[in-house]
Amino acid sequence: MNSRIKYFAMLIFMLAAAAYTSYLTQARERENVPQRETFDHFPEQIGDWKIYNTQTLDQRVLGLLAPDDYISRTYVNSEGRAVYLFIAYYFSQRSGKTLHSPQNCLPGAGWEIIQRGRMNLPDNSSATLNDFTIAKENARMITYYWYQGRGRMVASEYWDKVYGVQDAVFKNRTDAALVRVMVDSSDKPGVEEPQRKAALDFINQIRPELARFIPN
């Protein structure tokens with residue numbers, strides 16, 4: 001009797017596992033991927049900022065990040081200040097693709113994180129950014145980044161994952177992007193603050209444009 005119960009219990013478990021696997025496969029096939037513009041159409045001028053050049057990621061980096069679409073550009077304003085924009089967008093994160101944290105990627109590229117924090121944008125208290133200062137050899141940079149998608153702008157990797165699970169269940173969506181803005185800096189007096197101001201101005205200028213490329 002016990003062996004018969006165990007047999008039926010195992011059979012039910014196997015059928016349930018097969019049904020669940022089938023459901024996940026169908027869910028991936030039916031995942032809601034909203035329409036968006038590709039980064040080829042990202043504006044070449046935004047306010048006072050004009051495109052200076054566009055970079056192409058090498059095959060090694062592309063293989064590691066595996067984005068479905070990305071943009072890597074330098075913009076310059078009328079004062080000659082340059083910002084470096086990078087956005088990696090993923091249609092879905094269900095099949096192994098995932099957003100890569102700069103906290104891991106930057107040290108992997110030889111950068112040392114010498115200061116880290118978070119900040120709220122002055123015009124929007126709900127929008128938070130990661131605020132890092134990084135250094136490598138004689139170079140020093142200020143790095144702002146956040147996770148964006150499905151109507152949210154999130155600094156925390158933890159909360160981005162929590163919202164990702166929530167939206168996968170209730171919206172059948174896992175599309176998202178990493179947005180990173182970097183500027184050159186220095187430990188010399190009077191250099192850092194104007195560079196921070198320039199970077200934050202650029203961020204405020206591009207934010208209204210992002211929804212075309214990173215759907216809400």
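Please treat every number below as a calculation from the coordinates, not as lab data. Remember, it's a predicted structure, so these values are computed and weren't measured experimentally. When we count neighbours, we look across all protein chains shown, and the Cβ atoms used for this are built from the backbone with ideal geometry, even at glycine.
Brief remarks follow.
- Relative contact order computed over the chain (Cα-Cα under 8 Å; 6+ residues apart), in percent: 20
- Dividing the mean sequence gap of close Cα pairs (under 8 Å, 6+ apart) by how many residues region 22-142 holds gives a relative contact order of 15 percent.
- Relative contact order %, region 100-186, counting alpha carbon pairs below 8 Å whose residues are six or more apart: 25
- Distant-in-sequence amide contacts of residue 185, defined by a placed amide H-H separation under 5 Å and a gap of 5 or more residues or a different chain, comprise 140, 141, 142.
- Spin-label model distance (nm) - residue 41 vs residue 171, 7 Å beyond Cα toward Cβ: 2.0
- Order of 146, 159 - criterion: other Cβ atoms within 10 Å of each residue's Cβ, fewest first: 159, 146
- Matching label, mean projected area of the Cα convex hull in nm² computed from the structure shown, candidates (1) 17.0; (2) 13.1; (3) 15.8: (3)
- Listed residue pairs exceeding 32 Å between alpha carbons, taken from 50/136; 50/188; 97/197; 50/171; 136/161; 171/197: 97/197; 50/171; 171/197
- Part-to-part distance (alpha-carbon centres) for region 187-203 and region 159-185, which is given in Å: 26
- Region 163-178 - phi-based ³J(HN,Hα) in whole Hz, Karplus 6.51/-1.76/1.60, Gly and Pro as x: 5, x, 5, 4, 6, 5, 7, 8, 10, 6, 9, 9, 5, 6, 9, 9
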